[in-house]
1. Multiply the residue gap between T317 and R187 by 0.36 nm, knock off their C-alpha separation, and tell me the result in nm, one decimal place.
2. Report the Cα-based extents of the chain along its three principal axes, largest first, to the nearest Å.
3. Can you sort E87, E161 so the residue with the fewest Cβ neighbours within 10 Å comes first?
4. Pulled fully out, how much extra length does the chain show between E29 and A9, if you take 0.36 nm times their separation in residues and subtract their Cα-Cα distance?
5. Under 12 Å from a point placed 7 Å out from the Cα of A307 along the Cα-to-Cβ direction: which residues of region 1-34 have their backbone N that close?
6. Evaluated at 20 °C with a viscosity of 1.002 mPa s, what Stokes-Einstein diffusion coefficient in µm²/s does region 118-213 have when Rh comes from the Kirkwood expression over alpha-carbon pairs?
7. Taking every pair of alpha-carbon atoms in region 7-114, give the share separated by more than 18 Å as a whole percent.
8. Give the relative contact order (percent, whole number) for the chain; include only Cα pairs under 8 Å separated by 6+ residues.
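No lab work stands behind these numbers, since they all come straight from the coordinates. All figures in this text were calculated on a predicted structure; none of them were measured in a lab. We place every Cβ from the backbone using ideal geometry, glycine too, and count neighbours over all the protein chains shown.
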Amino acid sequence: MPELESTRAQVARIRRTGVRALADYPIDEPRLSFIAHGENTTFRVDSRDGRFLLRVHRPNRHGPGVDSRVAVGSELAWLTALQADTELSVPTPVRTHGAEWTTVADGLVCSVLGWQGGRMQAANPRPVHFRRLGGVLARLHDHASGWVPPSGFVRMRWDWETFFGNTMEYGGVAAADCWDLLPAPVRAQFDEIARRMRTVTAELGSEPDAFGLIHADLHLENALFDGDAVRLIDFDDCGFGYWLYDIAVPLWEYRSRPDHAEIRAALLEGYGEHRELPDLAHLDNFIATRDVAFGLWFAGMAQVNPAFAADLDKVMTSIQRALDRLL
């Protein structure tokens, strides 16, 4: 692997891009605070106009030949519809001076959202957090089931080809090449999951009872809790996929905890209070699919991000152990 630009240098460079991007927004005297440098690079923006989230989006994020401005704009169109049609708490998209959803600075697509308050409970969640999250997820799916996206709406399609084929690009590495970066035991496990899921996805098809517009990344770090309220963030992965995958994502990180059965029951109970549950027969297969999606993404990102590279061996070992139990 060639020597990587340090994380500090990468963030400093992208921060300068973010400052240039903010000139296109009606935000007075913005002050940036770094949040995260992963799939996108994000900054908290404080100003006299309030607090915001600035996202500098990674190029080629949404699949081959997809215009990132159109894809990000489509994400923000769904957020706007969720605010108009439901009581769900989702980020408020901020338009530029020219009434555009996004702007481009230094060749990178940038977007701004209103700030979402609340507390993360990912470190030590209780079943009540999963029950509340399940209820929110059900209401999100209810909206997606009845909403007609506007003309030109473009988002990822989380089907077999996207999970296991060469649709996506992770850290500038084609998905097919990310498979070659996996340790041999993990590659063998992923091959087995791909074989299983070809049958599962063919059986489920893409009918509305199984498939629709999903968040696709609603783990507990993307849900903020404030009393009984749950505020959702990070719709960056949203696209068309399986309802079961959206249910699997928040369970995936806690699949090895001794209280997993209780957590699982709470999430499903919360969901079932607001919407009929999909057939759960393949839920564990979708949890395993999340391991594949995360593992390929992490392997690709490790090629361009030193923080990911430093943790790559540890992450792959963790995935292998978890799949040893699940498979």
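1. Details: separation 130, 0.36 × 130 = 46.80 nm, distance 1.19 nm.
Between T317 and R187, full extension yields 45.6 nm more.
2. Result, largest extent first: 52, 49, 39 Å.
3. Numbers: E87 8, E161 13.
So the residues, fewest neighbours to most, are E87, E161.
4. Working: separation 20, 0.36 × 20 = 7.20 nm, distance 2.40 nm.
My answer for the length gained is 4.8 nm.
5. Residues passing the 12 Å test: 7-12, 34.
6. Details: Rh = 16.7 Å.
Using the Kirkwood radius from Cα pairs, D works out to 128 µm²/s.
7. On the way: 2772 of 5778 pairs.
Looking at region 7-114, the distances longer than 18 Å represent 48 percent of pairs.
8. Working: 531 pairs, mean separation 67.5, N = 327.
Result for the chain is 21 percent.
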